[in-house]
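Notes follow once the structure below has been shown.
Throughout, read-outs are computed from the coordinates displayed, never taken from laboratory work. These numbers were taken from a predicted model, which means no experiment stands behind them. Note that we place each Cβ from the backbone using ideal geometry, even for glycine, and neighbour counts take in every protein chain shown.
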Amino acid sequence: MKYFPDSALVQLEFDKVQALLEEHCKTELGKEMAQELRLHTHIDYVKTALQQAHEYKQLTLLQEHFPNDYVLNLKSELRLLGIQGAVLSGEQVMQLRKLAESMGSIVRFFDHDRRVTYAGLFEVITHTQYEKKIILIIDEILDEAGMVRDNATPELSRIRMALFRKRNELRRAFDRSLSKLSKLGYLADTGEAFLNGRRVVAIYAENKRMVKGILHGESDTRRTAFVEPEETIELNNDVAALERDENRELYKILRTLTADLSKHSLLLNNYHIILGTYDFIRAKAKLALDMDANYPMLTPGAQLHLVDAYHPLLLLYNRRNAKPTIPINLTLDNNSHILVISGPNAGGKTVTMKTVGLIQLMLQSGLLVPVHPSSQIGIFRQLMIHIGDTQSLEFELSTYSSHLKNMKYFMENANGKTLFFIDELGSGSDPNLGGAFAEVIMEEMAKKHAYGIVTTHYLNLKVMANKVKGIINGAMGFDEENLSPMYKLIVGKPGSSYTFSIAQRIGLHPSLINRARNLVDEGHFQLDKLLNKAEQDLQKVEAKEKELQQLLRENERLKREYEVLSDKERKNQQFGMLKLQNKIKEDELAYLKDMERKMKQIVVEWKRSDDKQKVMKQAEALLFRKREKAINDKLEKKVQDKFQEVVGSNLEVGNMVKIKTNGQVGTLIEIRDKRGIVKLGNIPMNVPLADLILVKERPKEKESVK
């Protein structure tokens, strides 16, 4: 992406975003990638970069662990691996093992489902392969601590076995010498010591000539001498010789191991780059979480549709200071591609412009941006800005001369893929002449179909925006009562500068304000006043609309709650009815099965019994009970038609109750413990309270009057 001038990225504070990104990087390679962040115009590259950051962000939010734990900065080790004859230490080799182990964990992380879910992250490793042999080669030679194993070679095994035996022999000989010198009272210290790699004893200086051996030195106070006893000299020599043999063998083993690993140097370098890349992607995700950044919709053409867009740095600053940040919403498309923002100073015009510029830079560098995910952002090939005082001391140009020089570059190089920002167009010159040039510049940029934002106080540019195709007005909201900016962008109308309102509110003498008004063209003054009133009226309408929307939302919430409760009650009723129906069917089925069983038994009795009369009486009795049940059911229905159950009340003396077992209704005349006395006609009946149901007579329906 081309940008003008060279300081454009710094003016839009893109370098500060890079610094924040670099802080989140753990590896040197990740930090380098943050420092060298580039702006891209290829939509596929931008899409992949955004998708990778978005996927890592989702992993973090879902608290799913991605296995890039090790912070590995192995440039020097990998460089040595590529040099023929170089030898890596055991510790350096173990670092390479960690590199291969991390790569293995990442490869295993991407099972079939994750390759689909996190396709962007998986793409990082699609062009490499995981070689298990690297870890096997290392593990054959080195243990977990990075030490060469005893069985790495037969020669090393022999040397270390000899060393073990010789050191044991030396220790026993040394202990004998130590015991003997202790008895003689020559020892200044009973502990052993090593000097120049040799095992020595500490002797009082006055006794050093009494002990046979080699004098290796004295203490700083010259009160203690360090002597190698004669009995251990030969053994010390043998141990030293074996240690030299061991070091030579270790060097040979590590050289061979380094040579074996160098065959995979290209692969290991690739692993290192992949881990650095994942570290960089993780940093982008962390930064996105800091500033509530999202993955907007990308469009191949030049377009801007920002929903709830925040200036990233301002958002972080306000959050630290517990202040709110007002988002902006704007659209620049084929029909409206230049926005003219007017309004009072310190109202947020420049911040709005910088917000759009910084978001575009972040997006085209592959960073998630603080906008609503429904935002649509296109890809631009050029970015041009003119913000603040660009006076050039080097070329002895005034502010306005420098301004025109930049505008000349804009008009000559702008096209349909250009995004430009001009702060205070036409300022620095006579208002009438500067305003005329500003109109010409705006018309030319509109003809080039460039996309951009212009801030101004010139009334002629506000008027022009309603006439020239492709140019629209916008204003920064201002609270006239409190004389405070609202930092809210209102697209579609120009804004007042509130010059006289501000002067009046701060207490400037009315006569001075009137003199100033008389000096201003009446039409100019009336138009600014009209803009002022229109803006305040719009704010009142918006407040009313906000209140109405809140009432509508509350009404919708209550409606949903009512629907939920109604649905719940309907389901309860349906459930109760089904439950009752099922109970009736279960009772009928049980009765029929019982009847079938009994009838089969009667048939059997008929066949084997001589007393046929007796069997006939049994059948009649069974059938009679069936008729009795039908009669009871009929009575039960009559009771149900006349009485209805009362739910939720306790039984008391005098209540009308129904007996569950036979369906008869009577009056409860006495309660004894868990039983009750029910009067059925003139006959009292003792019934368990659990079998009683409280009822009352159903109200009689009134006959309709004809």
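3J(HN,Hα) along the stretch 72-79: 10, 10, 10, 4, 5, 4, 6, 5 Hz, from the Karplus curve 6.51 cos²θ - 1.76 cosθ + 1.60 with θ = phi - 60°, whole Hz, x for Gly and Pro.
The trypsin sites (Lys or Arg not before Pro) found in the stretch 5-62 that occupy coil by DSSP, while having at most 14 further C-beta atoms within 10 Å, are Arg38. Per-residue packing, averaged as other Cβ atoms within 10 Å, sorts the ranges 374-387, 238-251 into the order 374-387, 238-251, beginning with the highest.
Maximal additional length on extending the Arg149-Asn686 stretch stands at 183.9 nm, based on 0.36 nm per residue less the C-alpha distance. Only lysine pairs 8 or more places apart, or on different chains, with alpha-carbon atoms under 25 angstrom apart are counted in the stretch 631-697, and they number 25. Based on the Cβ-Cβ distance from Glu123 to His449, what FRET efficiency comes out when R0 is 30 Å, to the nearest 0.05? Efficiency for this residue pair is about 0.30.
Look at where the Cα atoms of the stretch 212-233 and of the stretch 70-90 average out, and the two centres are 43 Å apart. Under 5 Å between amide hydrogens, built in the peptide plane, is the criterion, and for Ala293 it picks out nothing among residues at least 5 positions away or on other chains.
For Thr221 and Lys263, a Förster radius of 51 Å and the Cβ-Cβ distance give a FRET efficiency of 0.35, rounded to the nearest 0.05. Under a 5 Å amide H cut-off, with hydrogens placed 1.01 Å from N, Tyr487 pairs with Gly477 among residues at least 5 apart or on other chains.
Extension gain, Glu64 to Glu91: 0.36 nm times the residue separation minus the Cα-Cα distance gives 6.6 nm.
With R₀ fixed at 45 Å, the C-beta to C-beta distance from Arg553 to Asn247 puts the FRET efficiency at about 0.05. Between the stretch 632-685 and the stretch 43-59, what is the C-alpha centre distance in whole Å? Answer, in whole Å: 75. A straight chain from His509 to Val564 at 0.36 nm per residue would run longer than the Cα-Cα distance by 13.4 nm.
Amide H contacts of Met384 (H built 1.01 Å from N, in plane; Pro and chain starts excluded): Phe4, Leu419, Phe420, Phe421 sit under 5 Å, all sequence-distant by 5 or more or on other chains. Of Lys47/Lys323; Lys75/Lys132; Lys31/Lys133; Lys349/Lys448; Lys47/Lys132; Lys2/Lys284, which ones are farther than 26 Å apart at the Cα? Over 26 Å apart, Cα to Cα: Lys47/Lys323; Lys31/Lys133; Lys47/Lys132. Within the stretch 136-183, the GluC sites (Glu not before Pro) that combine a DSSP coil assignment with at most 10 other C-beta atoms in a 10 angstrom radius are Glu144.
Once Rg and the Kirkwood radius are both taken over the C-alpha atoms of the stretch 154-251, their ratio Rg/Rh works out to 1.05.
Of the trypsin sites (Lys or Arg not before Pro) found in the stretch 660-696, the ones in coil according to DSSP and having at most 15 other Cβ atoms within 10 Å of their Cβ are Lys660, Lys674. Here the spin labels are modelled as points 7 Å beyond Cα on the Cα-Cβ line, and at Asp333 and Gln376 they lie 0.6 nm apart.
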